[in-house]
Amino acid sequence: AYATMGLRDAQLFQQISREMAKTTETASCQSIANTIWAYSTVKLGDDNLFKALTGAAMPMMRTFTAQELSGLFRDLASSGFAGEDFFNMALPTACTLDLEPQ
């Protein structure tokens, strides 16, 4: 909601990062995608949070929708996150999905 409103408060997003990092193991595909989208939208990258979120995403890679996975690629790349382990694991999955624009 903060990103949608264009609120770019670094302290607020740092606090959200700390709280999100505690719950990444129970995060859903959609919450992972939405969180990374929000940080990307307000141009506030957080490598530690992104590492935790992409780490949580890897075991459930095949459950991501094409839209969620393509959004993750876009948003992580635009944030400058270089999560090589995530991208190496996600690419073969992405190749099996219909990633046509919607």
| message | I'd like the full set of residues that are of a type in the set (V, I, T) and not in a helix (DSSP H, G or I), limited to region 13-29. | response | T23
| message | Can you say whether F64 is open to solvent by less than 50 Å² (accessible area, probe 1.4 Å) and at pLDDT 85 or above, as far as the supplied structure shows? | response | no
| request: Quickly run through region 67-76 and pick out the residues that are at pLDDT 85 or above and either β-branched (V, I, T) or open to solvent by 70 Å² or more (accessible area, probe 1.4 Å) (or both). | output: R74
| note | Selection over region 37-58 where residues are in contact with a Gly (Cβ under 7 Å, 6 or more places away or on another chain) and either assigned to a helix (DSSP H, G or I) or among the hydroxyl-bearing types (S, T, Y) (or both) yields a count of 5
| task | Restrict the check to region 88-95 and report whether at least one residue is within 20 Å of L12 (Cα to Cα) and either at pLDDT below 85 or surrounded by 14 or more Cβ atoms within 10 Å (Cβ to Cβ) (or both). | result | no
| said: Suppose the filter is out of contact with any Asp or Glu (no Cβ under 7 Å at 6 or more places or on another chain) and loosely packed, with under 12 Cβ neighbours inside 10 Å; does G45 pass it? | reply: no
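The values are calculated or read from the model by the stated rules, or taken from the named source; none is laboratory data. In this text the structure is predicted, and so the values were computed from the model without any measurement. Virtual Cβ from ideal backbone geometry, glycine too; neighbours counted across all protein chains shown. In case anyone asks, the SASA skips ligands and DNA or RNA and just uses the protein heavy atoms, side chains included. Shrake-Rupley method; radii C 1.70, N 1.55, O 1.52, S 1.80 Å.
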